[in-house]
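Colleague: Sending over a structure as structure tokens; questions will come in a sec.
Just so it is clear, none of the values below were taken in a lab; they were calculated from the coordinates. These numbers come from a predicted model, not from an experiment. Cβ: placed from backbone, ideal geometry, glycine included. Neighbour counts: every protein chain shown.
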Amino acid sequence: MDAKVRDAARRRAAWRDRTLLVGPAAGAIFILMVVPLTLMAWISIQTRDFAGGVVWNDYSGEAYLRFLFERNLDDSLSWNFNYLLIILRSFWLSFITTTTSLLVGFPMALYMATRPARWRAALVFLVTVPFWTNLLVRNYAWILLLRDHGSINSVLLWLGVIDQPLPLLHNNFAVSVGLTYSFLPFMVLPIYTSLEKLDLRLVEAAFDLYATRLKVLRHILLPAALPGIIAGCILVFVPCLGSYVTPELLGGGKTMMIGNLIGLQFGAARNWPFGAALGFALLALVLIAMTIYALRTQQNGNSR
């Protein structure tokens, strides 16, 4: 009997310890994530109040219909792909930014990882220097560079390469450049962390066995950097989808992304249900993509 009492006491103590350890984090997640998401999902199925906000407990799926339809004056529905195009543009620009960051970031990370140890800390410091400046200031700097009479066009005109300024601002190109500049460190640092652990003697051995640079890249460097590449792509792609400042400034209202559309719905449009539906749909798409990636990674790990 005493043994059963002692076992029960140990189980209660273990449960109490786990609660004390996990409880604060679980409470913070519940308050800061579960409650806001639940509220956002609830608002998305309410009816819009044209004066701002919502009409509570007047449930409607109108917000989700606006993804593909618009309601006419006679209360009929007609196709409207404008919002869908904005969502597709957001995914396209995020993909372009991620690809560009990878193409630029991988050689940078490889160069950093192959430098002597005394230089690596300084190179990592240089990569993180842009974070010391506010994102708003950095985007205004790109406006000064890309505008019609900015530095880039002025130099090209002075060299005689062009006869008139190039339209570098307020388009997809400007937004992609700004996003790449903003999120490039998030690609470089994970890849550098992976490559830093690589034993460079493997590369030397491969060259001694007459391997070409392409084979060294495919069979040694890329497999070693793969965890960092995957992490970097996630860290770049996901924030790009919800970017607001860069498309607002460099796009000039002509290149709207889903983050700007959500802000517009909660602001000037006064359509909170549609804004909440957009945010909830974006979150759902990201979670689905992350779940598929996690399942595929688990399957690949089990197959090995």
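Colleague: Out of everything in region 259-280 that is assigned to a helix (DSSP H, G or I) and either in contact with a Gly (Cβ under 7 Å, 6 or more places away or on another chain) or basic (K, R) (or both), what residue ends up being nearest to L168 (Cα to Cα)?
Modeller: The qualifying residue nearest to L168 (Cα to Cα) is G259.
Colleague: Consider F173 carefully, then state whether it is under 22 Å from the mean Cα position of the chain (by Cα), surrounded by 12 or more Cβ atoms within 10 Å (Cβ to Cβ) and free of Cβ contacts under 8 Å to residues at least 24 places away in the same chain.
Modeller: Criteria met by F173.
Colleague: Okay, next question. Being in contact with a Pro (Cβ under 8 Å, 6 or more places away or on another chain), surrounded by 21 or more Cβ atoms within 10 Å (Cβ to Cβ) and not small (G, A, S) is the filter here; which residues of region 230-255 pass it?
Modeller: T255
Colleague: Among the candidates T97, T38, which residue alone is under 30 Å from L217 (Cα atoms) and either surrounded by 14 or more Cβ atoms within 10 Å (Cβ to Cβ) or under 28 Å from the mean Cα position of the chain (by Cα) (or both)? First the steps, then the outcome.
Modeller: Numbers: T38 fails: under 30 Å from L217 (Cα atoms).
Going through T97, T38 in turn, the sole match is T97.
Colleague: A further question follows. Go over the candidates R16, R10, R71, R6 one by one and state the one that is among the basic types (K, R) and within 30 Å of I258 (Cα to Cα).
Modeller: None of the other options fit; the residue is R71.
Colleague: Of everything in region 53-88, what is among the hydrophobic types (A, V, I, L, M, F, W, C), within 19 Å of I43 (Cα to Cα) and either touching a residue at least 12 places away in the same chain (Cβ under 8 Å) or not in a strand (DSSP E or B) (or both)? Give them in sequence order.
Modeller: Once the filter is applied, which keeps residues that are among the hydrophobic types (A, V, I, L, M, F, W, C), within 19 Å of I43 (Cα to Cα) and either touching a residue at least 12 places away in the same chain (Cβ under 8 Å) or not in a strand (DSSP E or B) (or both), region 53-88 yields V54, A63, L65, F67.
Colleague: Moving on. Name the residue that is surrounded by the fewest Cβ atoms within 10 Å (Cβ to Cβ), counting only residues in region 180-229 that are assigned to a helix (DSSP H, G or I), touching a residue at least 40 places away in the same chain (Cβ under 8 Å) and over 22 Å from the mean Cα position of the chain (by Cα).
Modeller: Applying the filter and picking the extreme gives L200.
Colleague: Now for a different question. From the list P130, P116, which residue is more than 24 Å from I43 (Cα to Cα) and within 23 Å of the chain's Cα centre (by Cα)?
Modeller: Details: P116 fails: within 23 Å of the chain's Cα centre (by Cα).
Among P130, P116, only P130 is more than 24 Å from I43 (Cα to Cα) and within 23 Å of the chain's Cα centre (by Cα).
Colleague: May I pose another question? Please go through (1) part of a helix (DSSP H, G or I); (2) free of Cβ contacts under 8 Å to residues at least 24 places away in the same chain; (3) over 22 Å from E248 (Cβ atoms) for R115 and return the number of the only condition it doesn't satisfy.
Modeller: (1)
Colleague: Okay, next question. I'm checking my understanding of the structure. Among residues of region 127-169 that are of a type in the set (S, T, N, Q) and free of Cβ contacts under 8 Å to residues at least 40 places away in the same chain, which one is surrounded by the most Cβ atoms within 10 Å (Cβ to Cβ)?
Modeller: This residue is N153.
Colleague: For region 97-111, state whether one or more residues are closer than 30 Å to F274 by Cα and either in contact with a Lys or Arg (Cβ under 8 Å, 6 or more places away or on another chain) or part of a helix (DSSP H, G or I) (or both).
Modeller: Taking region 97-111 first, the residues closer than 30 Å to F274 by Cα are 97-98.
Now drop any that are not either in contact with a Lys or Arg (Cβ under 8 Å, 6 or more places away or on another chain) or part of a helix (DSSP H, G or I) (or both), which leaves 97-98.
There is at least one residue in region 97-111 that is closer than 30 Å to F274 by Cα and either in contact with a Lys or Arg (Cβ under 8 Å, 6 or more places away or on another chain) or part of a helix (DSSP H, G or I) (or both).
Colleague: Out of curiosity, is L20 surrounded by 10 or more Cβ atoms within 10 Å (Cβ to Cβ), out of contact with any His (no Cβ under 6 Å at 6 or more places or on another chain), in a helix (DSSP H, G or I) and on the phi < 0 side of the Ramachandran plot?
Modeller: no
Colleague: Answer with yes or no whether F91 is in contact (Cβ under 8 Å) with a residue 40 or more places away in the chain, among the aromatic types (F, W, Y) and within 18 Å of L261 (Cβ to Cβ).
Modeller: Yes, satisfied.
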